[in-house]
Amino acid sequence: MNIMPSCKDVTAAVASDDLPRRPWHERLAIRLHLLMCRHCRRYVKQLAGIASAVRGLYRGKPPSTDSLEKSILESIKKRS
Amino acid sequence: MVAERVFLLVALDTSALWRSQSVAVSIAFDDPRLVARIRQREPEALEAIVREYLPQIVRAARGAGLKTQEAEDVAQSTFITFLEKADTFEGRSLVRTWLFGILFRKIMEMRRVLDRERHTDDIDEVMESRFDANGSWFTPPRSAEADFYSREVRERMGECLEEAPPKQRIAFVLREIEDLATEEICKILEVTVTNLGVMLYRVRNRLRECLETKGVWG
């Protein structure tokens, strides 16, 4: 990566969760880029929106697993 | 003061950009003595594991694209395999990692058949076309506003998830829904950190592009 990361560099680092493994100066450069670039900020916001929406879809009220649990526990009893 | 701000900027990792990291479930499930109890197939230990992880396993299976009945069947099958192999558990990974690994292999076996005829766009090429030669946005994101609470947008999100390749989708589910750490996901999917990064990059961009095509962003 160049000293000043491009939008392409920033999107790649963010979308692949690679930021924590980058050296400190790259992380700083990416942060600074995000402060200055509204397109990349919008991109990050989109990914955040997607993640939060998917969590909302699947983390709502969980379907009851009581009967399934009972059935698995019976299998355990039979086999042990 | 300035130095402190710089430190804070640098110290934040990617997840801090948009998500909070949950603390891994531990309770007594990290207890080394549990390994021996599992290997001896002690019913109380096995039952406690079923009670602790069944809802998570069913949720992950549904997140990976299985219908409710399919998800319950594959969850049951996951625990049966776990039970059958309990005496080989060496405790080198968390029980949860082991269970998710079994679940992942079962879903991939199912999906391999279903996905045989399926073709998907190459998201890498789509992303290449988004930037100019200098790596600046050529066609930037138009908006980040979307009403994810509306039924219509949720349906479109569901459709876009359906189009994602199974392995990428499972990686996404383990990261975003189950909040697992990179190292644990890599163990479950048996991939390197770099491979996982590529999968997450592709699935996130695939979802983003798909939602854009469907006119979700305001």
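Here is how the numbers come out for the structure above:
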| item | result |
| --- | --- |
| Rel. contact order, % - alpha carbon contacts under 8 angstrom, at least six apart, segment B:27-114 | 37 percent |
| Spin-label pair B:A181/B:S93, simplified geometry with 7 Å Cα→Cβ offset, distance in nm | 1.5 nm |
| Shape call, segment B:123-213: gyration tensor on alpha carbons, a/c limit 1.5 | oblate |
| Note, ³J(HN,Hα) from phi for segment A:27-38, Karplus 6.51, -1.76, 1.60, rounded to Hz, x at Gly and Pro | 4, 5, 4, 5, 4, 5, 4, 5, 5, 9, 10, 6 |
| Averaged over B:148-157, number of beta-carbon atoms from partner chains that fall within 10 Å | 2 |
| Normalised contact order of segment A:1-61, rounded percent, pairs of Cα under 8 Å and 6 or more residues apart | 35 percent |
| Stokes-Einstein D (µm²/s) once Rh is taken as the Kirkwood radius of segment B:27-114 over alpha-carbon pairs, at 25 °C in 0.890 mPa s | 185 µm²/s |
| Gap separating the Cα centres of segment B:52-81 and segment A:46-80, nearest whole Å | 7 Å |
| Relative contact order of segment B:147-218, defined on C-alpha pairs under 8 angstrom at six or more residues apart (%) | 41 percent |
| Among A:L35, A:L68, A:L47: highest mean-square fluctuation, GNM of chain A, C-alpha pairs under 10 Å | A:L68 |
| Number of partner chain Cβ atoms within 10 Å, mean per residue of B:181-194 | 1 |
| Virtual spin-label span in nm between A:R41 and B:M108, 7 Å along Cα→Cβ | 4.1 nm |
| Rounded FRET efficiency, nearest 0.05, which uses the C-beta distance separating A:H25 from B:R33 and R0 of 51 Å | 0.65 |
| Cα pair distances in chain A, grouped into 5 Å bins until the bin that holds the longest one, percent each | 3, 13, 17, 14, 9, 7, 6, 6, 7, 7, 7, 4, 1 |
| Average beta carbon contacts from partner chains per residue of B:99-112, 10 Å cutoff | 0 |
| ³J(HN,Hα) computed for each position of segment B:92-103 - Karplus, 6.51 cos²θ - 1.76 cosθ + 1.60, integer Hz, glycine/proline x | 6, 10, 5, 4, 4, 4, 4, 5, 5, x, 5, 4 |
| Projected label distance in nm at B:D122 and B:T213, using a 7 Å step from Cα toward the beta-carbon | 1.6 nm |
| Long pairs among B:K187/B:K214; A:K8/B:K214; A:K8/B:K106; A:K45/B:K167; A:K77/B:K106, criterion Cα-Cα beyond 30 Å | B:K187/B:K214; A:K8/B:K106 |
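Every read-out reported here was derived from the displayed coordinates using simple, explicitly stated rules and does not represent laboratory data. Small disclaimer: the values here were computed from a predicted structure and weren't measured. Virtual Cβ from ideal backbone geometry, glycine too; neighbours counted across all protein chains shown.
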